[in-house]
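Read the structure below first, then the notes.
Readers should treat all values here as calculations from the given coordinates under stated rules, not as data from a laboratory. From a predicted model like this one, the values you see are computed outputs, not experimental measurements. Cβ coordinates were reconstructed from backbone atoms using ideal geometry, including for glycine residues, and neighbour counts include every protein chain displayed.
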Amino acid sequence: MRLKATNFLKLDCSQPCPVVAMLRPRSGLAQWVVSEQYHLRPWVPTVEYVDPYGNLGQRFVVPAGGMEIEVQVEMETEDALAVEPAAATTPVDQLPDAALMYLLPSRYCPSDRLAGRAREIVGDAQPGYAQVEAIRRWIHDNITYEYGVSDASTDAQGTLDLGKGVCRDFSHVGIALTRALQIPARQVVGYLYKLDPMDMHAWFEAFIGGRWYTFDATQAEPRGGRLVVGYGRDAADVAFISNYGEVEVEEMRVTVEQVV
């Protein structure tokens, strides 16, 4: 399916502020960039680079008084997610080198403290896809989606204790529990068609049976129509704006629509 996504940001700052934006998706096997526009108002000198996770980052300095950023992208993407309940865990010694980092605990995903909880949740599910799906379903059924209960310091353990959170919190819990079972897991940020309410979205992927599979605990069933902007160990790696000074996001508007 072909989707068009737009993201409008209005930033405010009293002093010039260096930032790194992650707002531009890349083409790959599951998605293809057909066209895009990226506007900075006012225009400032900008450098783009590829980070260690393969994401595109844009470095620039927001001028005093702020600026507007508008991204428009049209992409071909999968209308249905790949699902393989019989996919087995890939043994650690057979994992690709690039997947090994996603086995380790990270800032928001203390997987080294959650092995017992993970085993309790998956029960007798077969090692691999079935275990990760059991984790996804448990989060969906037992964690309440609620704004304002978590903040930038809330990790997966904090969300489990609260029993509440938003999409990034759901993904952190899924990642931490999955890694606790020696299955690589990573956070994904981007857009989801017909997300309600519409916003940038976060979910997670697990490496099983020789490939990455998508899991989204905020949704009752697997849903396609996703546009990926970035991958990382957790939210610290995939912030849409990383600021190195005082800057405020005054406004953010996201739309995703199907192109017929």
Tensor-based shape of the range 62-129 (alpha-carbon gyration tensor, a/c under 1.5 rounded, otherwise prolate or oblate) = prolate
ask   = For the range 144-260, taking Cα atoms only, what is the radius of gyration to one decimal and the Dmax to the nearest whole Å?
value = 14.6, 44
request  = State the extension gain, in nm to one decimal, for the chain segment bounded by Thr46 and Met252, taking 0.36 nm per residue of separation less the distance between their alpha-carbons.
outcome  = 72.1 nm
message = Among Tyr213, Tyr38, Tyr191, which one shows the highest mean-square fluctuation when the chain is modelled as a Gaussian network with alpha-carbon springs under 10 Å?
response = Tyr38
message = Given R₀ = 25 Å, what would the calculated FRET efficiency be for Met101 paired with Ser153, taking r from the Cβ atoms and rounding to 0.05?
response = 0.65
key: Theoretical FRET efficiency, 1/(1+(r/R0)^6), r = Cβ-Cβ of Ala88 and Ser35, R0 45 Å, to 0.05   = 0.70
inquiry  = What does the C-alpha gyration tensor say about the overall shape of the chain? Classify as rounded when a/c is under 1.5, otherwise prolate if a/b is larger than b/c, or oblate.
reply    = prolate
request  = For the range 145-220 and the range 14-38, compute the distance between their C-alpha centroids and round to whole Å.
outcome  = 21
request  = Rounded to the nearest 10 degrees, what's the angle between the helix 129-142 long axis and the longest principal axis of the chain, both from Cα atoms, 0 to 90?
outcome  = 70
message = If you restrict to DSSP beta bridges whose two residues both lie in the chain, what percentage is antiparallel, to the nearest 5?
response = 95
Highest-MSF residue in the chain out of Arg26, Arg137, Arg168 [GNM, Cα springs under 10 Å] = Arg26
Peptides ranked, highest mean first, by Cβ atoms within 10 Å: ranges 236-244, 147-155 = 236-244, 147-155
message = Can you compute the helix-only [θ] at 222 nm over the chain? Use -39500 (n - 2.57) per DSSP H run of at least 4 residues, normalise by all residues, nearest 500 deg cm²/dmol.
response = -5000 deg cm²/dmol
ask   = How do His172, His140, His201, His39 line up, fewest other C-beta atoms within 10 Å first?
value = His39, His140, His201, His172
Cα→Cβ-extended label distance, 7 Å offset, between Arg137 and Arg2, nm = 3.8
key: Karplus-derived HN-Hα couplings along the range 158-163 (A = 6.51, B = -1.76, C = 1.60, θ = phi - 60°), whole Hz, x at Gly and Pro   = x, 5, 4, 5, 6, x
Using alpha-carbon coordinates, inclination of helix 167-179 to the longest axis of the chain, degrees = 40
message = Rg over Rh of the range 1-144, using C-alpha atoms and the Kirkwood radius, what does it come to?
response = 1.06
inquiry  = Can you say what percent of the DSSP beta bridges in the range 77-213, counting only those with both residues inside, are antiparallel? Round to 5.
reply    = 85
